[in-house]
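Here is the structure we will look at.
The values are calculated or read from the model by the stated rules, or taken from the named source; none is laboratory data. Predicted, not measured: the structure shown is a model, and the values here were computed from it. When we count neighbours, we look across all protein chains shown, and the Cβ atoms used for this are built from the backbone with ideal geometry, even at glycine.
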Amino acid sequence: MRLFFYNGIGGILILFILSGCAGLPGNQVGEQVAPMVPGHELVDSELLNVSIRIFHPGELPQNPDERRGLSPEIREAESRFAPIHLKHTLQRTGYWGAVRVVPGDDVGAEVYVRGKIELSDGESAVLNVEVTDARNVLWFRRLYAETARSEEYYNTEPERKDAFQDLFNTIANDLAQYRNSLSRLDIEEIRNVAAIRYGYSMAPDALDNYLGMTGDGRVFVQRLPSRDDPMMERVEMVKARDDMLVDAINDYYDIYYHDLWQPYLNWRKFRQEEVSTLRKLERQALAKQLIGITSIVGAIALGIGGNYETAVRTQPLQQLMIAGGSYSLYSGFQTREESRINKDAIEELDTSFSAEAEPLVIEVDGKTIRLTGSAEQQYSKWRSMLKQIYARETGLLPTVDSGSTSAPAAKYPQP
């Protein structure tokens with residue numbers, strides 16, 4: 001009975017030590033994923049423009065142990081870093097026209113990419129990515145997961161090679177594969193629908209009957225404007241101004257991305273090392289404490305499990321087991337103190353990172369735009385101003401607008 005009791009505690013010890021972390025949501029991407037490139041240079045009529053919205057930062061873990069070293073500031077920075085790096089990854093493939101990061105909804109997008117950070121802790125990343133086109137056709141919605149190896153934090157290069165480059169290449173390849181499944185007519189329709197949707201956002205009354213929508217929400221062209229339609233020519237001029245602002249925003253984002261690169265790389269690299277060390281120390285502490293508890297309980301079992309003569313005979317062993325168990329407990333607590341030092345180091349990295357990742361401001365046409373959480377509002381105000389410009393140039397009265405760009409496009413909502 002005593003042997004069973006003692007071995008039972010040992011079994012619990014083994015279970016504690018061998019228990020591991022739960023797997024990541026989604027499928028792990030492959031290793032050494034090569035980006036797809038077309039077999040020949042694509043002509044302009046085969047290219048689609050891509051708009052990548054700033055990612056949703058997602059939620060930080062509720063568990064304090066899982067949350068250690070993370071912060072809303074870091075996650076906000078990651079919500080910009082990931083789409084900007086994806087933009088550079090897509091630009092190198094040769095499959096796309098203009099690839100831009102946008103701070104809000106882009107009603108004139110030909111291909112629209114949205115993402116959410118489900119998990120990001122320096123070691124692992126999980127992105128939920130959804131891609132649609134101007135027709136409201138869902139290309140795909142997938143979870144991408146990767147756990148970076150230690151060596152992947154070295155030999156990185158801005159715009160070209162991130163520690164999680166396999167993840168970004170996999171997203172780019174999925175986009176390219178779907179694009180390759182489209183016919184020339186599909187590509188032409190996407191471009192036409194995007195142009196008319198943008199025009200409709202400027203002058204909904206004038207372009208009300210050019211598009212139609214099926215019962216499942218797919219948008220299609222009912223009729224095309226004439227090639228020399230002066231209204232569409234003006235829309236194209238306004239769109240060119242809009243693109244200029246978005247390009248200016250992307251210049252800012254690129255500056256932000258390059259300023260962010262080194263501190264963010266260091267934070268992820270050191271946090272991975274710190275968390276790895278922390279887990280090792282916690283396992284050691286747990287093992288020592290459980291061994292100590294097992295020894296003390298075993299000594300007590302020897303003392304009370306037999307008769308008086310047995311208790312007296314085994315007393316030296318009991319004392320030795322209690323002393324050894326007490327030392328293991330003390331050693332375990334000391335190891336946990338070391339783990340607290342590592343926790344503090346992670347928090348210091350967090351503070352340092354947040355200080356280095358302060359957002360910047362940009363001057364565009366005499367307007368100061370602060371591209372932080374309010375960038376979406378600034379972009380919305382700019383789009384509202386474009387409607388006023390269009391109204392002045394065409395002589396049409398502008399629609400009642402509270403500053404949002406979504407109202408005129410609500411007839412053809414994005415999924």
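Descriptive notes on the structure:
- Test for Ser124: is it free of Cβ contacts under 8 Å to residues at least 40 places away in the same chain and small (Gly, Ala, Ser): no
- Every residue from region 173-189 that is surrounded by fewer than 23 Cβ atoms within 10 Å (Cβ to Cβ), assigned to a helix (DSSP H, G or I) and among the hydrophobic types (A, V, I, L, M, F, W, C): Ala176, Leu185, Ile187
- Answer from Ala125, Ala134, Ala148 - the residue that is touching a helix residue (DSSP H, G or I) at 6+ places or on another chain (Cβ under 8 Å), crowded, with 20+ Cβ neighbours inside 10 Å, under 30 Å from Gly215 (Cβ atoms) and not β-branched (Val, Ile, Thr): Ala134
- Restricting attention to region 41-79, the residues that are assigned to a strand (DSSP E or B), of a type outside the set (Lys, Arg) and buried (at least 17 other Cβ atoms within 10 Å of the Cβ) total 5.
- Residues considered: Ser79, Ser51. Of these, the only one that is hydroxyl-bearing (Ser, Thr, Tyr) and modelled with pLDDT under 95 is Ser79.
- The single condition among (1) modelled with pLDDT under 90; (2) aromatic (Phe, Trp, Tyr); (3) more than 25 Å from Trp261 (Cβ to Cβ) that Tyr154 does not meet is (3).
- Residue among Ala109, Ala163 that alone is closer than 26 Å to Glu41 by Cα and of a type in the set (A, V, I, L, M): Ala109
- Members of region 190-230 found to be assigned to a helix (DSSP H, G or I), buried (at least 17 other Cβ atoms within 10 Å of the Cβ) and of a type outside the set (D, E, K, R), listed by number: Ile190, Asn192, Val193, Ala194, Ala195, Ile196, Tyr198, Gly199, Tyr200, Ser201, Met202
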